[in-house]
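Structure, as structure tokens:
Read the figures in this text as sums done on the coordinates, not as results from a lab. None of these values were measured; they are calculated from a predicted model. Every residue, glycine among them, receives a Cβ derived from its backbone with ideal geometry; neighbour counts consider all protein chains shown.
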Amino acid sequence: DGGITQSPKYLFRKEGQNVTLSCEQNLNHDAMYWYRQDPGQGLRLIYYSQIVNDFQKGDIAEGYSVSREKKESFPLTVTSAQKNPTAFYLCASSIAGEVYEQYFGPGTRLTVT
Amino acid sequence: AQSVSQHNHHVILSEAASLELGCNYSYGGTVNLFWYVQYPGQHLQLLLKYFSGDPLVKGIKGFEAEFIKSKFSFNLRKPSVQWSDTAEYFCAVKPPGNTGKLIFGQGTTLQVKP
């Protein structure tokens, strides 16, 4: 089955630690995206990548970093500089170029205490 | 700032009632429009999309949306809701130009009472 895998589903970390969220897709999509979902704020774009070895900041990139070394993988690191890291994180992918519909993974709920 | 607005944050309906969820955007020029749905415990999935052509778009599960360019709106409708429509609904806009990204509204939580 083609799709997007995010792991783990739930993640707990202590304040001050960096944490990396995994996102893998086997849809052969060029573009991949990371969003943060908070109640009442919808989905806000953190980073996106339209091609391997290239990525752009979204609207709320501060405190996050990404890499895109492989087409199928787009890991997100939540650094200790992110002031409010506790959130639900969604990864998505789509055909590159003009934005077609995005396909979403199941999400990772990160809790930092 | 340019944005996407969903005016209804929480809607409660009884089964068989009609549904209309508002979505307005503030971008000029050509946009692509989407409605996504997130059922409890499930992935976000596409309900319907508008790129061009007939402004009345039909999607899955009996949903439809109408693009009204003059009003910068793309409202979602369903004539008769079911309990299984309980979910969170997101409007999204691809702004003009090849920006490579979608802008999402704040979301509307729909609760359908049996």
Next on the checklist: How large is the direction-averaged shadow of the alpha-carbon convex hull of the stretch B:36-85, in nm²?
Outcome noted: 4.0
Checklist outcome for this item: Checked against a 24 Å limit on the C-alpha separation, the offending pairs among B:LYS71/B:LYS113; A:LYS9/B:LYS113; A:LYS9/B:LYS58; B:LYS49/B:LYS113; B:LYS49/B:LYS78; A:LYS57/B:LYS61 are B:LYS71/B:LYS113; A:LYS9/B:LYS113; A:LYS9/B:LYS58; B:LYS49/B:LYS113; A:LYS57/B:LYS61
Item to check | Unit Cα scatterers, Debye sum, chain B: log10 I(q)/I(0) for q = 0.21, 0.23 Å⁻¹ | outcome: -1.15, -1.35
Next on the checklist: With 22 Å as the cut-off, how large is the P(r) tail for the protein assembly as shown, expressed as percent of Cα-Cα pairs?
Outcome noted: 52
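Please compute the volume of the convex hull spanned by the alpha-carbon atoms of chain A and report it per residue in Å³.
Expressed per residue, the convex hull around the Cα atoms of chain A is 97 Å³.
Just checking the output field for B:84-93: average partner chain Cβ neighbours within 10 Å of each residue's Cβ?
1
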Next on the checklist: Using Cβ counts within 10 Å as a stand-in for footprinting exposure, how do B:ILE12, A:ILE60 rank, fewest first?
Outcome noted: B:ILE12, A:ILE60
Next on the checklist: Taking θ = phi - 60°, what integer Hz values does the Karplus form 6.51 cos²θ - 1.76 cosθ + 1.60 yield along the stretch A:32-43, in sequence order, with x for Gly and Pro?
Outcome noted: 9, 9, 10, 10, 10, 10, 10, x, x, 10, x, 9
